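Have a look at the structure below, then the notes.
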Amino acid sequence: MAAATLALSASLPLPAEDGLKRYLRDIRRFPVLTVEEEYMLAKRLAEHGDVEAAHRLVTSHLRLVAKIAYGFKNYGLPMADLIAEGNIGLMRAVKKFEPERGFRLATYAMWWIKASITEHVLQSWSLVKIGTAAAQKKLFFNLKRMKQALGVSDQADLEPSHVKSIAEKLDVSQNDVVTMNRRLFGRDSSLNLPVRTDSDLERQDLLADEADDPEMLVAGRQERSQGLAWLKSGLAVLDERERHVIAERRLKDDPSTLEELAAHFGISRERVRQIEVKAFDKLKKAVLGSARALPAPTLPL
């Protein structure tokens, strides 16, 4: 299978920063597969290691990768690199795809594509010493959204009141917020640079259309529905106090503090933290078990 993966990689069109428009045009020539075609190709790959089947499965979803990669454009990394990393995630998804479970490949592959691109973004930003702790990751991927909610321009510095608000909501230090904002600000500006010194064309003009196509919209709805079903089954294994702690600490946009929950239950802050850790571990195991056991609904045609 490793040799097949190398052969497949070599046969794919390659995105280039100076030729993204051509690449996006080229990948549109690959046809979208029907449910039956996708199922038969996946079976051929799983049972016979058919490289041609893998090639058709991958190429029919290259547009999906480009669409997802475009959602990471504001992190200032070359779009060609984001697409290339997404393609790696797509190939991993194709290799592990099990059509008998009832999923369309697009729904399954979205998880792998996003994971591959996200990991690349974090590794690239770690070169400028951005942390990879859970709180830092949350800050990294939510700062832009929170600035928009506060009515602050992407390019603007944050006022002290904004810094304090964001730090409290994401449970990070105010210094972390200021530092992350400055780093993101420096990276974002590169998207507006002209392609050439004698041209008014900016790099962002070469990116794909931001609007979701019907396949992405349906896959997104399917992904959310599936995730909610697994989460619901996972929460059922928790007792009432554990469910309350998880809901307040992990499922709210504005999480409750350990101090607030300690006062609510009349226990110590450390005890709340222990309950949260234990409950979250139980939840993860239950969700993973549900993901393997629950029948997955199929996408509407």
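Give the order of Thr59, Thr107, Thr257 when sorted by the count of other beta carbons within 10 angstrom, beginning with the fewest. Spell out each step's value before the answer.
Values: Thr59 19, Thr107 23, Thr257 14.
Starting with the residue having the fewest Cβ neighbours, the order is Thr257, Thr59, Thr107.
Hey, could you pull the Cα Rg and Dmax for region 2-126, both in Å?
So, for region 2-126, Rg and Dmax equal 14.2, 43 Å respectively.
Rule-based calculations on the coordinates, nothing more; no lab input. None of the values given here were measured: they were computed from a predicted structure. When we count neighbours, we look across all protein chains shown, and the Cβ atoms used for this are built from the backbone with ideal geometry, even at glycine.
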